Amino acid sequence: MAGLTAAAVAAVCFLAYQASANVPEDLSAKPEAPSTAAPSTSPSGGPKQPERDPLAVPAASGTGERVVYGLSDRRVWLVNGNGKVTRTFTVMPSTVSPPPGSYAVTSRSGSVRGSDGVQIEHVVRFATTQDVAVGFSAAVDGSMPEPDPAKKTGGVRMKRADGNALWTFAVIGTKIVVVA
């Protein structure tokens, strides 16, 4: 029995040695200190961009109190007058989106039927694009389905709790910044 155990230990040691001897050089090297590290490159050969924190407000979204709507992020940030994010949440975009730019809340409705026929609440409108009013809202039933691509709708849907927060934050005239 002792002979089998010794053979097993010897085999494991041999395999461990082989594995460490065959590690590619870049994986076994110790990382350099951040101040002396050479910049890495992207697959295209250019400098690799640092990964952006998906919860951080986009840098090109202005200053001061505002609502930031990230089209590609499908996210909204509520930013107070000190530039601090008070809340961020995901949204379901409509089929019609406004171009990136600065807007202001133009109208609000407590409860209406959306252009898709769904009962919605806390509607905060801020743009008109392709003859469609665009605004934030929450479905009373809490749903956030993908919109029908065959219909031109402007409702950017969110969860009811997020809709309540946006409703309280975004009064008439509040700045809305749309970023790509």
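The numbers here are math on the coordinates, done by the rules we state, and not lab data. Computed from a predicted model, the values in this text were never measured in an experiment. When we count neighbours, we look across all protein chains shown, and the Cβ atoms used for this are built from the backbone with ideal geometry, even at glycine.
Structure summary
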quantity	calculated
Cα shape, region 104-149, gyration tensor, a/c 1.5 rule	oblate
Reference-scaled alpha-carbon Rg (2.2 N^0.38 Å with N residues) for region 51-180	0.96
Distance between region 53-75 and region 101-115 - C-alpha centres, whole angstrom	19
Calculated on alpha-carbon atoms, Rg and Dmax of region 89-165 in Å	11.3, 31
FRET efficiency, 1/(1 + (r/R0)^6) with R0 35 Å, evaluated for Ile172 and Asp53 via beta carbons	0.65
Projected label distance in nm at Ser72 and Gln130, using a 7 Å step from Cα toward the beta-carbon	2.0
